[in-house]
Amino acid sequence: MEYRITSRGAEIYAPMEFDLKNTFECGQCFRWMPDGDDAYSAVVCGRYIRVCREGDTVIIDGSDEETFHTIWRSYFDIDTDYELLRQEMVSLCPVLGKAAEKLNGIRILRQEPWEALCSFIISQNNNIPRIQGIVSRLCENFGENTGHGYTFPDAEKLALLEPDDLAPLRAGFRARYIIDAARKCADGRVDLEKLKDAPTDEARKQLMTIVGVGNKVADCTMLYGLHKMDAFPVDVWMKKALENEFAGISPKDLGHTAGIAQQYIFHYTRNAV
């Protein structure tokens, strides 16, 4: 996508490739909240950020050139042509055309791996508003105050806690899973940075050594935190979709477009658009 740095921030020309609502509300992230007309804000990557859309332009408020190139260019996956991916996805599986037409502009965020892992552990047997609440309380209780919200606490900090210390989160059985994940990531038994370069099957196997992490959480972590675009998380919504409107779809047939296809199917089915 074309972009430039102005006195206001980073301005990204994105007529087709970056829809804020479809990107931030498609189930891949839990900290982005509406903040005005076609605008969202969050504390991510350790800092507060507000993104808005004006016509064909997405604006990252206040982003200077260094911050844009070191953080946001990667986080929003600016250099990937999602319109081309969408076209390739539909050519491989024409039945996805209806979802792609209704939900244009979904991008897969390159989230911090630990935040993605922890968030999707919390997501188990949960709905999005409750996930958002637990994640928010986790940050408020154990993160750092930026003045505009709280950072996501790192694994090393949570590794020093016991499951009972997470009682204020009201996370239930997930508290034990969070602490086990924190300890294994903090001491290197699960090295999330190394898993970025590992084969998908190997990364999944390593992630599933964490108590409470099954295929779905592992695949969500790989897609949203490790940016493995061949990952295809399947939950109850996806099972329903693959049995009904999108019957016959095989993730293996979609190759490196499987991850984006999953987002279109999930968001389309969940919202019945």
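Below are the figures for this structure:
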{"item": "Near pairs, Cβ below 9 angstrom, 6+ apart or cross-chain, from the stretch 72-93 (within 10 Å of Arg110 (Cβ to Cβ)) to any residue that is surrounded by fewer than 16 Cβ atoms within 10 Å (Cβ to Cβ)", "result": "Arg73/Asp79"}
{"item": "Residue within the stretch 80-93 that is touching a Lys or Arg at 6+ places or on another chain (Cβ under 6 Å), under 28 Å from Arg31 (Cα atoms) and modelled with pLDDT under 90 present", "result": "no"}
{"item": "In the stretch 12-29, the residues that are of a type in the set (Asp, Glu) and either closer than 19 Å to Asp79 by Cβ or in contact with a helix residue (DSSP H, G or I) (Cβ under 6 Å, 6 or more places away or on another chain) (or both)", "result": "Glu17, Asp19"}
{"item": "Among (1) assigned to a helix (DSSP H, G or I); (2) touching a helix residue (DSSP H, G or I) at 6+ places or on another chain (Cβ under 7 Å), the one test that Ser74 misses", "result": "(2)"}
{"item": "Criterion (closer than 13 Å to Phe30 by Cα and either β-branched (Val, Ile, Thr) or part of a helix (DSSP H, G or I) (or both)) met by exactly one of Glu115, Glu140, Glu101", "result": "Glu115"}
{"item": "Total residues in the stretch 206-264, condition surrounded by 14 or more Cβ atoms within 10 Å (Cβ to Cβ), assigned to a loop (DSSP other than H, G, I, E, B) and under 20 Å from the mean Cα position of the chain (by Cα)", "result": "15"}
{"item": "All positions within the stretch 29-44 that are out of contact with any strand residue (DSSP E or B) (no Cβ under 7 Å at 6 or more places or on another chain) and modelled with pLDDT of 95 or more", "result": "Cys29, Phe30, Val44"}
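The values are calculated or read from the model by the stated rules, or taken from the named source; none is laboratory data. Only a predicted model underlies this, so the values are computations on that prediction, with no experimental measurement involved. Cβ atoms come from the backbone with ideal geometry, glycine included; neighbour counts cover every protein chain shown.
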